[in-house]
């Protein structure tokens, strides 16, 4: 028969503490989040759009560098991303949201990537799942971890397309759109879309 005695205080004193590494933790509320995986493009593997009251930011996952490139009209956001070691670029981003009668809402996002390629992404919203739980999307990189809180989920639908430079018909895998609101016939620019995203 064996008898073992264990004392938590002694165990703590004898085991070295794990080092605490410095890390950034970021939080962002994103009322509308669009995402699509790209299966047959030579440059990009994924495209994401973060829509809030300040406009539209876009993230492209580059295959060659295995890094995300962040695009925004906001110098403040680009500077914050660059300070944390991320690839970030200021660029004009055209954004339009609309819904025709008897059809799902759709978004059109148009901008230029760092290589000078025109990118046109038309995202048709699939059936919104009313019982879906709020989504928390997290991402990690060398500077830390980021959490995006986005309230509802819907997949993309037929009619979703992506054009990069002269390459049309790029194959997209069904993504997720976390979308709390849609408004009929809404057409906004970077400066005037705040009421659409409330």
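All of the numbers you see were taken from the coordinates with simple rules; none came from a lab. As the structure is a computational prediction, the values presented were derived from the model and not from experiment. We place every Cβ from the backbone using ideal geometry, glycine too, and count neighbours over all the protein chains shown.
What to note about this one:
- The range 63-108: C-alpha pair distances exceeding 13 Å, %: 65
- Extent along principal axes [Cα atoms of the range 24-178; Å; largest to smallest]: 45, 38, 25
- Protection proxy ranking for 47-60, 25-38, 99-112, using the average of other Cβ atoms within 10 Å per residue and placing the highest first: 47-60, 25-38, 99-112.
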